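Chemist: Dropping the structure in here first, questions after.
The values are calculated or read from the model by the stated rules, or taken from the named source; none is laboratory data. From a predicted model like this one, the values you see are computed outputs, not experimental measurements. Neighbour counts are summed over all protein chains in view; Cβ atoms, including those assigned to glycine, are modelled from backbone coordinates with ideal geometry. Protein only, heavy atoms only, side chains kept; ligands, DNA and RNA dropped before computing areas. Shrake-Rupley method; radii C 1.70, N 1.55, O 1.52, S 1.80 Å.
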Protein chains: 2
Amino acid sequence: MPDPLLSRLCIHTATTKPWSLRQALDGYRAAGVAGITVWRDALALEGVAESARMLRDSGLAVVSLCRGGFFPALDVAGRQRAIDDNKQAIDEAATIGAPLVVLVCGAVPGQPLHESRRQIAEGIHAIEPHARARGVKLAVEPLHPMYAADRSAINSLRQARELCEAIASDHVGVAVDVYHCWWDPELEVEIAALGQAKRLLAFHLCDWRVDTRHLLTDRGLMGDGCIDIAGIRGCVERAGFKGWNEVEIFSSEKWAMDQGVWLGEVVKAYRERC
Amino acid sequence: MPDPLLSRLCIHTATTKPWSLRQALDGYRAAGVAGITVWRDALALEGVAESARMLRDSGLAVVSLCRGGFFPALDVAGRQRAIDDNKQAIDEAATIGAPLVVLVCGAVPGQPLHESRRQIAEGIHAIEPHARARGVKLAVEPLHPMYAADRSAINSLRQARELCEAIASDHVGVAVDVYHCWWDPELEVEIAALGQAKRLLAFHLCDWRVDTRHLLTDRGLMGDGCIDIAGIRGCVERAGFKGWNEVEIFSSEKWAMDQGVWLGEVVKAYRERC
């Protein structure tokens, strides 16, 4: 009997970062994983066209492309380069059959956050017509406030939702990642509002280790930390989300493991602890 | 000519953690620092009564006692212990002449944040009459969301303000620490609201290092990170705050230095970069 939960499991290639795209496709399929979110670095080895062929042949659903964004820059040329790069990401998503590009919006250390936020809105405005033309949606992923210095000036679901409302496109929504949002006192209210507005486009899973050792590469496996993942999944589903449960775990500790063994642990934790 | 900025400089004993209270008093006075915020561990060596005498004799203004809080616990007995300990902190503050106890509100890993938040409100309610009776105010310090697992379930200025409004005591307000709040899109609005409500009780300074290496002990010296400290100080002052500029820097790197040299750097950075 097929496991209905497993049929919604998607793994980010970054979760098994040491694997090539080919290894990831083989490994995910063998583990019964149904979907894949592709990080752009995973396309580099074979190129976009060949990677697209491999993805098609794999039978896995391509859930999204990670990642676009990083719109703010100190000068116009830098911001234009970001826009061009995002358009290219949209093209790559269309080529590999990904319906969604996830946006890590960016920030420039020392530039006032309100200015970075303005540049982010400007950047998304600039690429939205291209996304629409290619049939690709854009998901703003608010990042944990500990990344506000250099990765994203969008740090809460409310900010992300208000940004989407200002852009007012049915091709722009939000990716909810439990790692970035679990602490937010407005979490439930904002997830409901995103559902209402039909802007809940993606749902990412991992866990917050209580004794986090590194800001970037010490995410926990689901159940190894303190996030109420099942509770947040309930919120997301009550808000009408019927999409994928995407596991995205950056962990230098786990990347040092045999990735097949690690993937087995991920699938087990997903079945038993989410 | 006295430096008006320097006359508002307060150092937290935790900033020069390797120093005893005696060394801190001598060092701060020699450096022209006018105020001191005392961490409870600094009272341990000489005891509260003798420390109080030393503080009185030093001529330094005692700005606050750090810290009370940590109200949530899994059982009633644990929460009662926290309340008792907070009452003792209030007594210690009264004894050393500190008009304020700063509250790091606490959290229990795995306990739902809304339950920890309820327990925090309950705990502050329980100690407020004691604080009032001893003439000591309580300052809720919202902590950065990266501390939501085990240090504080109060993670934004808005949450802290709303908590104060629910408690509705003129003895309960908020401590604004740039490290915890700089990323908050509601920063300016919330500081103004706190000023309006006469609940802006303390202002803490340090900086956010862009390549932060440790979640707890890698705070930056003012100017070494990306926080717009002068901008936030401007907000706080426009909101009517006339109190101390308190430097609170946890840094294993700086604690390894000669603390006199380190204090000199702190005072210089305060004069030139805040």
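Chemist: May I have the convex hull volume per residue, in Å³, for the Cα set of the stretch A:46-92? List each step's numbers first, then the result.
Modeler: Working: hull volume 3.4 nm³, N = 47.
Value for the stretch A:46-92: 72 Å³ per residue.
Chemist: If you don't mind, another one. How many nanometers, to one decimal and shortest first, lie between the label point of B:D84 and those of its other copies, if labels sit 7 Å from Cα toward Cβ?
Modeler: When each copy's label point is compared with this one, the spacings are 6.9 nm.
Chemist: Between the stretch B:237-272 and the stretch B:43-107, how far is it from one alpha carbon centroid to the other, in angstrom?
Modeler: 22 Å
Chemist: Rounded to a whole number, what % of the accessible area of the protein assembly as shown do carbon and sulfur atoms account for, probe 1.4 Å? The partial results should precede the final answer.
Modeler: Numbers: 10900 of 20880 Å².
Carbon and sulfur together cover 52 percent of it.
Chemist: Further question on the same structure: As a test of the formula, what do you get for chain A when each DSSP H run with n ≥ 4 contributes -39,500 (n - 2.57) and the sum is divided by the residue count, at 222 nm and rounded to the nearest 500 deg cm²/dmol? Before the final figure, lay out each step's value.
Modeler: Details: 10 runs with 118 residues, N = 274.
Calculated at 222 nm, the ellipticity per residue is -13500 deg cm²/dmol.
Chemist: When 1/r is averaged over all different Cα pairs and the result inverted, which Kirkwood radius in Å belongs to chain A?
Modeler: Details: mean 1/r = 0.0536 Å⁻¹.
For chain A, inverting the mean 1/r across all distinct Cα pairs yields 18.7 Å.
Chemist: May I ask you to report, in nm to one decimal and beginning with the shortest, the distances from B:G260 to the same position in the other copies, taking label points 7 Å along Cα-to-Cβ?
Modeler: Taking the point 7 Å beyond Cα along Cα→Cβ, the inter-copy spacings are 6.4 nm.
Chemist: Give the nm distances, rounded to one decimal, from A:R22 to the matching residue in every other copy, measuring between label points 7 Å along Cα toward the beta carbon; shortest first.
Modeler: 7.2
Chemist: Right, another one. Taking a spot 7 Å from the Cα of B:A197 along the direction of its beta carbon, which residues of the stretch B:134-153 have an amide N less than 18 Å from it?
Modeler: The answer is B:137-144, B:153, whose backbone nitrogens lie closer than 18 Å to the label point.
Chemist: Pop out a list of residues from the stretch A:198-228 that are at least 50 Å² less accessible with all the protein chains around than in their chain alone; 1.4 Å probe, no ligands or nucleic acids counted.
Modeler: In the stretch A:198-228, residues shielded by partner chains: A:V210, A:L215.
Chemist: Output the pairs from A:K242/A:K268; A:K198/A:K268; A:K198/A:K254; A:K254/B:K254 with a Cα-Cα distance over 25 Å in this structure; if there are none, say none. Intermediate results must be reported in sequence, preceding the final value.
Modeler: On the way: A:K242/A:K268 21 Å; A:K198/A:K268 31 Å; A:K198/A:K254 35 Å; A:K254/B:K254 32 Å.
Long pairs (Cα-Cα over 25 Å): A:K198/A:K268; A:K198/A:K254; A:K254/B:K254.
Chemist: Right, here's the next one. Could you identify which residue out of B:D26, B:D85, B:D211 has the top mean-square fluctuation in a GNM of chain B using Cα springs shorter than 10 Å?
Modeler: The residue that fluctuates most here is B:D211.
Chemist: Sticking with this structure for a sec: Scan around B:R67 for amide H atoms under 5 Å from its own, H built in the peptide plane at 1.01 Å from N, and keep only partners 5 or more places away or cross-chain.
Modeler: So B:R67 has HN proximity to B:R40.
Chemist: Accessible area per residue, 1.4 Å probe, Å², for the protein assembly as shown: what's the number? Before the final figure, lay out each step's value.
Modeler: Details: 20880 Å² over 548 residues.
Value for the protein assembly as shown: 38 Å² per residue.
Chemist: Please compute P(r) over all alpha-carbon pairs of the stretch B:195-274, binned at 10 Å starting from zero, and give each bin as a whole-number percent.
Modeler: 18, 46, 28, 8, 0
Chemist: Note down the nm distance, to one decimal, between modelled labels 7 Å out along Cα→Cβ at A:D57 and at B:R53.
Modeler: Placing both labels 7 Å beyond Cα along the Cβ direction yields 8.5 nm.
Chemist: Something else: Do any trypsin sites (Lys or Arg not before Pro) in the stretch B:177-271 lie in a DSSP loop with no more than 12 other beta carbon atoms within 10 Å, and if so, which?
Modeler: Details: sites: B:K198, B:R199, B:R209, B:R213, B:R219, B:R233, B:R238, B:K242, B:K254, B:K268, B:R271; in loops: B:K198, B:R199, B:R209, B:R213, B:R219, B:K242.
In loop regions of the stretch B:177-271 (DSSP not H, G, I, E or B), the sparsely surrounded trypsin sites (Lys or Arg not before Pro) are B:K198, B:R213, B:K242.
Chemist: For chain B, give the share of DSSP beta bridges that are antiparallel, in percent and rounded to the nearest 5; count only bridges with both residues there. Walk me through the numbers on the way to the answer.
Modeler: Working: 2 of 31 bridges.
Taking every DSSP beta bridge with both residues in chain B, the antiparallel ones total about 5 percent.
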